[in-house]
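In what follows, a single structure is set out as C-alpha cells and then discussed.
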Amino acid sequence: MRVKWKLMYELAKQYYQEHGNLLVPARYIREDGIKLGQWIWVQRVAYKNRTIPKAERKNNISPLTNEQVKLLEDIDMEWDLIIQKKWLKHYEKAKEYYQEHGDLLVPYRYVCEDGTKLGQWISVQRRAYKNRIIPKEERNNTHAPLTDEQVKLLEKIGMVWQIVKLSLKTKIEHQWSKSLKKAENEILTKKYSSKTNEWLTEQFQLQEQNKLTRNQLAMLKNVGVYTTPVYHNYFKQALLDVFKQVLYYFRENRILIDSTEITRLGWTYEIWYEIFNKNEFGILDSKQYEVWKKIWFISKRKNKVFKIK
C-alpha cells in the first residue's frame with residue numbers, strides 16, 4: 001500500500017473521529033492546505049473502477065484494493081452519495097411528522113401522502129442506531145450504523161430509540177398529550193383544523209361530564225384553549241341551552257333550579273345565574289334578558305334564589 005495513501009487515510013480517520021462520518025465536502029481543504037475533500041472523492045471513483053474494465057474507465061484512477069476498501073469502510077465510508085441524499089429526503093418527512101404530531105412515534109405502516117414509507121424508515125433508523133455498538137459480523141441486518149450527525153438530527157426531532165409496550169391507559173394519555181400539543185400549535189398560528197376543533201369540542205363535553213382531571217383542565221387553560229373561537233361558540237351554545245332549560249323549569253315550577261345542581265360545563269346553576277344577571281358576554285338578546293330579570297325577581301321574592309356573589 002502506498003505511503004501517500006496511508007497518510008491521507010490517517011487524515012480521513014481524524015476527520016471521521018471528529019465529525020462521526022466521512023461525508024467530506026468535495027471542496028474541503030484542511031488548515032494545512034491538504035485537499036481532503038478531493039481525496040475522498042477520488043476514493044469513491046476508485047471504488048467504482050473495481051467493477052469497470054480498464055478500457056472503459058473515463059479516468060486513470062486505479063481501483064481500490066480489498067484492504068483499502070476495508071479500511072475505509074471501518075470508518076463508515078459512504079460509497080454512494082445518492083444514499084445520503086435519500087436519507088436526508090426521508091429525514092425531512094420525519095421532521096414534518098414531528099412538527100405535526102409532536103413526536104416520532106410513527107406507526108410502522110404509516111405512509112406519507114407522497115408514498116414515502118416513513119414508518120418503515122423510522123424502524124430502520126432504530127436498527128441502524130443499534131448497529132453502532134454491534135460488530136459488523138454479529139449484525140442480523142445489513143443497515144449501516146448511523147453517524148453521530150444523523151443521531152443528533154434525529155434526536156433533535158424527538159427520536160425514541162427504544163420502544164417499549166405501553167399500557168392502554170398510557171397510550172390514551174400519550175394520544176391526549178399529542179392532541180393538546182397540536183391544538184397549542186394551531187392556537188399560536190391561529191389556524192384551526194377541523195380535526196382539532198372536533199377534539200376541542202370533545203374536551204368541552206368531557207368537562208361537562210366531569211371526566212377531565214384537574215391536571216388536564218389546567219393544561220387546557222395554560223395553552224389558551226379557552227380563548228379559541230371554537231370554545232366561544234361552544235360556550236355560547238351552552239349558555240343558550242341552559243337559558244332555555246332554566247326558562248322551561250321556571251314555567252313548570254315557578255321557581256329557579258337549585259343552584260347546587262351540576263349542569264353544563266361542570267358549572268352549578270349559581271354560576272350560570274351570575275352570568276345571566278351580568279349578561280357581560282351579550283349572548284342573551286334584549287328580549288331574553290328582560291325575561292330573565294322577571295323570573296329572577298319572582299324567584300327572589302319567594303326566597304328561592306341563592307345569594308350570588
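Worth pointing out:
- Between Phe297 and Tyr110, the contour length at 0.36 nm per residue exceeds the Cα-Cα span by 61.2 nm.
- Computed about the Cα centre, the dipole magnitude for the chain is approximately 340 debye when only Lys and Arg (+1) and Asp and Glu (-1) carry charge, each at its Cβ.
- Spherically averaged projected area of the convex hull of Cα atoms, the chain: 25.6 nm².
- Normalised per residue, the accessible area of the range 231-306 is 62 Å², obtained with a 1.4 Å probe and no contribution from ligands, DNA or RNA.
- Taking trypsin sites (Lys or Arg not before Pro) across the range 10-110, the ones in a DSSP loop with at most 14 further Cβ atoms lying within 10 angstrom of their Cβ are Arg27, Arg30, Arg57, Lys58, Arg109.
- Among the listed pairs Lys190/Lys287; Lys13/Lys48; Lys169/Lys221, those whose Cα-Cα separation exceeds 29 Å are Lys190/Lys287.
- Convex hull per residue volume in Å³, alpha carbons only, for the range 159-237: 112 Å³
- Carbon + sulfur, % of accessible area of the chain - ligands and nucleic acids excluded, 1.4 Å: 52 percent
- Selection from Trp41, Tyr16, Ala55, by position along the positive dipole direction of the range 1-111 (Cβ): Ala55
- Computed over the range 105-169, the ratio Rg/Rh where both radii use C-alpha atoms and Rh is Kirkwood: 1.01
- Å² per residue, accessible surface of the range 142-229 at 1.4 Å: 67 Å²
- Length added when fully stretched, Lys95-Lys181, from 0.36 nm per residue minus Cα-Cα: 29.4 nm
- When you filter the chymotrypsin sites (Phe, Trp or Tyr not before Pro) in the range 85-173 for DSSP loop state and at most 11 other Cβ atoms inside 10 Å of their Cβ, you are left with Tyr108.
The values are calculated or read from the model by the stated rules, or taken from the named source; none is laboratory data. Worth saying up front: this structure is predicted, and the values here are computed from it rather than measured. A quick note on method: Cβ atoms are made from the backbone with ideal geometry, for glycine too, and the neighbour counts reach across all protein chains shown. Accessible surface is based on the protein model in full, side chains and every heavy atom, while ligands, DNA and RNA are left aside. Shrake-Rupley method; radii C 1.70, N 1.55, O 1.52, S 1.80 Å.
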